[in-house]
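Right, one structure below, let's go through it.
The values are calculated or read from the model by the stated rules, or taken from the named source; none is laboratory data. In this text, all values refer to a predicted model and were calculated from it rather than measured experimentally. Positions of Cβ are generated from backbone atoms using ideal geometry, with glycine treated the same way; all protein chains shown enter the neighbour counts. Areas reflect the complete protein model, heavy atoms only, side chains present, ligands, DNA and RNA absent. Shrake-Rupley method; radii C 1.70, N 1.55, O 1.52, S 1.80 Å.
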Amino acid sequence: MKKNLKGSNKAKEILEIIGFDEITELPMKELMAGFDIIYIEEELNGSDGVIIRGRSKTIIKVDVNIYTTHRKRFVAAHELGHFFLHDKLSFHLDDEKTLSWNRLEELHKRGIQEIEANDFAGELLMPEQAFKNFILRKPFGPNLIRDISERFNTSLTSVIFRMLKINIAPFFVVFISDGIVRYWRKTEDFRCYTNDITKIPPPKFSVAMEYIEANYDFIYTGSEKAQSIEKSTWFKLYDWEEDVEFFEYCIPTKKYKTIISVIWEA
């Protein structure tokens, strides 16, 4: 299947136009002002971002109550993606359902435009070459994900999906909401196979289940974020295989009752 590169290609084009290799140190308000867009942070009462396209001006708003500046930047970049990619959108609201890849069923219901806007945001905030240069020869794990988030001033979730998109290392990602596995993805070189785990709770002995039982509170910090599990927790074992050590790292979001679980071989 041919990949849809519309979002990422447009972001590359915009970086070329402004003459920047990356925009990590550039405030989103200044970036948008360069395209004659008015950027506002205010309380949006249930929405994370909105784009309002008028006859002569466009306004992009981001909810002032979003908990991190990293998340705000991703929301702003997503709305900017709509501006450049979807000129028929005169008024459009985005929330957790359209801004998070762990709700792919909602994204597809709302159309390919949400996926394109997310791809645009990922490339704009984490340009592929700069991204690859930064992670070169660094070991995969929670520390790398955190370091990338801080380096490019964007959210942990967007980092994980960027790593999936670029196929950086062999790993598996599970997206869980309200205690149910909604979707999973893996990189091309991840060779393990799983049973049909969608539409059911995560496995009993998974780290994800620990977080659900803890009501989505953070239960592991520091070096304990990557918890040791057995391969058979998530994946099929053939008769000739021995169970081996894997790691699982979870990012819970208590507000939305979601978990992103990242799993890789030790």
I'd like to check something: does region 16-23 contain any residue that is within 25 Å of ASP147 (Cα to Cα) and open to solvent by less than 60 Å² (accessible area, probe 1.4 Å)? yes
Go through region 160-201 and give me each residue that's of a type in the set (Gly, Ala, Ser) and part of a loop (DSSP other than H, G, I, E, B). ALA169, GLY179
Name the helices (runs of 4 or more DSSP H) wholly inside region 88-155 in which the number of residues that are at pLDDT below 85 is 2 or more. 96-99, 104-110
List, please: which pairs have Cβ atoms under 6 Å, are six or more places apart or on different chains, and start with a residue in region 136-150 that is over 11 Å from MET163 (Cβ atoms) and end with one that is not in a helix (DSSP H, G or I)? GLY141/ALA226; PRO142/LYS225; PRO142/ALA226; PRO142/TYR249
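One line per residue, one yes/no per condition, for (1) under 24 Å from the mean Cα position of the chain (by Cα); (2) assigned to a helix (DSSP H, G or I):
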{"position": "GLU13", "(1), (2)": "yes, yes"}
{"position": "ILE17", "(1), (2)": "no, yes"}
{"position": "ILE23", "(1), (2)": "yes, no"}
{"position": "ARG55", "(1), (2)": "no, no"}
Verdict on ARG162 being open to solvent by 50 Å² or more (accessible area, probe 1.4 Å), under 16 Å from GLU22 (Cβ atoms) and touching a residue at least 40 places away in the same chain (Cβ under 8 Å): no
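Filter region 165-202 down to the residues that are aliphatic (A, V, I, L, M) and open to solvent by 20 Å² or more (accessible area, probe 1.4 Å) and list them by number.
Going residue by residue through region 165-202, those that are aliphatic (A, V, I, L, M) are 166, 168-169, 173-174, 176, 180-181, 197, 200.
Matches in region 165-202: ILE166, ILE168, ILE180, ILE200.
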Here is a check on your reading of the model: is GLY7 within 15 Å of GLU79 (Cα to Cα), under 22 Å from the mean Cα position of the chain (by Cα) and not aliphatic (A, V, I, L, M)? yes
